[in-house]
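Working notes, structure below.
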Amino acid sequence: MDERRIGVIGAGTMGNGIAQVSALAGYDVTMIDVDDAALQRGRDALQSSLARMVKKGTLAQADADAALQRVHGSTELQQLRGAHLLIEAATERLELKLRILRQLDELADDGAVIATNTSSISITQLAAVLRRPQRFIGVHFFNPVPLMALVELIRGLQTDDASHAAARRFVERVGKTAVDVRNSPGFVVNRLLVPMINEAVFVLQEGVASAADIDAAMKLGCNHPIGPLALADMIGLDTVLAVMQVFYDGFNDPKYRPAPLLKEMVDAGRLGRKSGHGFYRYD
C-alpha cells in the first residue's frame, strides 16, 4: 500500500477539487469516473483552476504543472489498488454510493481507509455495507474545494481511531482545517445552512420579497458574502432538495419539509448555475 497514493471516485465539481488539493500537497491521485468524457471535463476544470491560481500569483507555474502531472484518470476501479485512501465523491444518491462502496471494499488493501464526501447521508448507514466498516469515515470537503478551508470529519458508530487519525493527517496535509462531527443528518454546516436556504425559498414563494432583495437583505443585514438564493444556484437546487429530503426523512420533523417552489424548480430543470437557470439566469 502506497501512502503517497489516493483514489478519488467522481471527477465532478467536488471530485476534481479534492484531486487538485491532494496533488498540490504531493499525493499521486487516480481520479475515476464512468467515461472518458466525464474524466476530461474533470481534468479541464482542474487545469482551469490551477491556471487561475497562477494568474493570481498564488501558485508558481512549475508547481501547477507538477500537480497536473500527479493526477491520472481512469474508468476502471481496479486502478485504485494499492492506494492508502479512497474517497468517494459521487452524486448525492444513496443507492449509487452504496454500490460504489461495495466495489471499493472488494479491491481496497486491508490497511486502506475508505472515505465519503457525502454532505448529508449517514456515515453509519454507508459503513454497514462494508466488510470492514471500522475503516470507513466521512471526509466532507466544501465547494469550491481549493478555496474553502473547512473539512468535516464524521465518524460512524463503527469508525476506529486509526482510520480517524489517518483521515485527519490527510486533511491537514492538504492544508485544510478539520472539525470532528458526530454522525447526524447534515452534520454541522449543512444542518444550519440548507434549512436557511429552504426558508429563503419559502419567503420568495410567499411573495415577501424578490430573489434579489432577499439576497441583498442577507448580505447587508447579516454580513453574508452571498445571498441564500444565489448560493442555492451555485450549489445546485437538486442538491439542496436532496439534502432537505434527507433531513425530513432522518428527523421526522415537519420543520425540514422542502419548500414546494424548490421542488417545482427542480422538476422544471431549473437547477441553478449548472443548468443556466435557477433563481437567476446565467446566460
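Scattering from the range 190-274 was approximated by placing one identical point on each alpha carbon and applying the Debye formula without solvent; log10 I(q)/I(0) at 0.23, 0.27 1/Å stands at -1.15, -1.43.
Summing Lys and Arg as +1 and Asp and Glu as -1 over all other residues whose Cβ lies under 12 Å from the Cβ of Gly272 gives a net charge of +2. Couplings 3J(HN,Hα) of the range 13-25, computed from phi: 3, 6, x, 6, x, 5, 4, 4, 5, 5, 5, 5, 7 Hz, in residue order, whole Hz [Karplus 6.51 cos²θ - 1.76 cosθ + 1.60, θ = phi - 60°; x for Gly and Pro]. Once you put a point 7 Å from the Cα of Leu157 and another 7 Å from the Cα of Arg273, both along the Cβ direction, what distance in nm separates them? Those two pseudo-labels are separated by 3.9 nm.
Computed from backbone phi, the HN-Hα couplings of the range 130-140 come to 8, 5, 10, x, 5, 9, 10, 8, x, 10, 9 Hz, rounded to whole numbers (Karplus: 6.51 cos²θ - 1.76 cosθ + 1.60, θ = phi - 60°; Gly and Pro given as x).
Within the chain, antiparallel bridges make up roughly 20 percent of the DSSP beta bridges whose residues both belong there. For Lys263, the aspartates and glutamates whose Cα comes closer than 19 Å to its Cα, not counting residues fewer than 8 places off in the same chain, are Glu92, Glu199, Glu206, Asp233, Asp238, Asp249, Asp253. With θ taken as phi - 60° and the Karplus curve 6.51 cos²θ - 1.76 cosθ + 1.60 applied, the whole-hertz 3J(HN,Hα) list for the range 244-256 is 4, 5, 4, 5, 4, 6, x, 9, 6, 10, x, 5, 9 Hz, x standing for glycine and proline. Between the amide H of Leu157 and those of Thr124, distances stay under 5 Å, these residues lying 5 or more places away or on another chain, with hydrogens modeled in the peptide plane. The angle between the Cα long axis of helix 36-56 and the main principal axis of the chain comes to about 80°, on a 0 to 90 degree scale.
All of the numbers you see were taken from the coordinates with simple rules; none came from a lab. Keep in mind the model is a prediction, meaning the values are calculated, not measured. As a convention, Cβ positions derive from the backbone with ideal geometry for all residues, glycine included, and neighbour counts pool all protein chains shown.
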